[in-house]
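The values are calculated or read from the model by the stated rules, or taken from the named source; none is laboratory data. Note that the structure is a prediction, hence the values are computed from the model and not measured. Because the Cβ atoms are built from the backbone with ideal geometry, glycine has one as well, and the counts that use them run over all protein chains shown. These area figures cover heavy atoms from the full protein model, side chains too; ligands, DNA and RNA do not enter into them. Shrake-Rupley method; radii C 1.70, N 1.55, O 1.52, S 1.80 Å.
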Amino acid sequence: LMKTIILLLLSSLFFTSSLVSADHHAPSPFMPVEIYGCSYKEGKGLDDFLAVGKKWSKWADKVIPDSGFAAVLTPYLYDSRNHVSDVYWMNISSGFERMGGAMDDWVAKGAKFQAQFDEVCSTNNHTLFVGQGIQRPKGDAGPGMMSIQLCMSKEGMTPEKMFAADAEMRKQQSEMGTEGGMMRWFPFAGMAREFDFDFLMINAASSMKQVGKNMDIYLKNMAQSSDPYEDISECASSEMFSVTPVRVPPQN
């Protein structure tokens, strides 16, 4: 079922721009999300990883300016049995051709920095997702928290129903006053063969305090609000990650 939905979503990319121009509350364009997972070498940790990332960011600005947004994701509320990696590196680009070009340039020019990353952290996996924006976060990109839920689609789910549910969710957020970004990640390449989810639901907040505030608001309004996704998907309990931006590209 989800393979069919992914194909329909990709074919609908041509219509997304008209959808956005017609309604400023419509979803963000689809975008590639690249994830590396790695395990720290003995005696190394987050500070060492971020130090290499800081140097890489300055280098990328000059050598691979299409590198996109980069951040480090550190498990915060989690079960270690779900992870083979200690930490995750996330790249988000504005387009698939741009990300593909940056990947090619990294292979051709990035050996020096790859070696520096390898001294700190051994790569366990490399995954690419098709990301779909649902709700834009307020303010500039900065440190924050991100929850990830494993979700399964229900029989009869279609892109049209999904977009309608997203619009209802944005309406609810606006009426209740909750804040934060939302995305949906569809697996594209690099996933374990036995993965048992159709997509990941991502919720971002500026801090744990904001996460708690949103939860208080949801619980207060729970009796009056229905779940827009109840009929199309089912999600498992989430894990929480801290987000530390490494590179925020200039806005074009």
Fill in: Filter pass, Val120 being surrounded by 14 or more Cβ atoms within 10 Å (Cβ to Cβ) and at pLDDT 95 or above
yes
Discussion item. I need the full set of residues from region 206-252 which are in a helix (DSSP H, G or I) and either of a type in the set (Phe, Trp, Tyr) or more than 16 Å from Ser147 (Cα to Cα) (or both), in order please.
Written reply: Asp216, Ile217, Tyr218, Leu219, Lys220, Asn221
Fill in: Count of region 96-111 residues which are exposed (fewer than 14 other Cβ atoms within 10 Å of the Cβ) and among the hydrophobic types (A, V, I, L, M, F, W, C)
3
Discussion item. So, Lys44, is that one out of contact with any Cys (no Cβ under 8 Å at 6 or more places or on another chain) and charged (D, E, K, R) or not?
Written reply: no
Practice prompt. Go through region 139-173 residue by residue and tally those that are open to solvent by 40 Å² or more (accessible area, probe 1.4 Å), over 19 Å from Phe241 (Cα atoms) and of a type in the set (D, E, K, R).
Written response: 6
Discussion item. If I filter region 224-252 down to residues being hydrophobic (A, V, I, L, M, F, W, C) and more than 30 Å from Ser57 (Cβ to Cβ), which single residue comes out as surrounded by the fewest Cβ atoms within 10 Å (Cβ to Cβ)?
Written reply: Ala236
Worksheet entry | strands (runs of 3 or more DSSP E) (entirely within region 73-183) containing at least 1 residues that are over 30 Å from Lys41 (Cβ atoms) | 121-135, 144-153
Worksheet item: Are any of the residues in region 54-70 more than 22 Å from the chain's Cα centre (by Cα), surrounded by 14 or more Cβ atoms within 10 Å (Cβ to Cβ) and touching a residue at least 24 places away in the same chain (Cβ under 8 Å)?
Response: yes
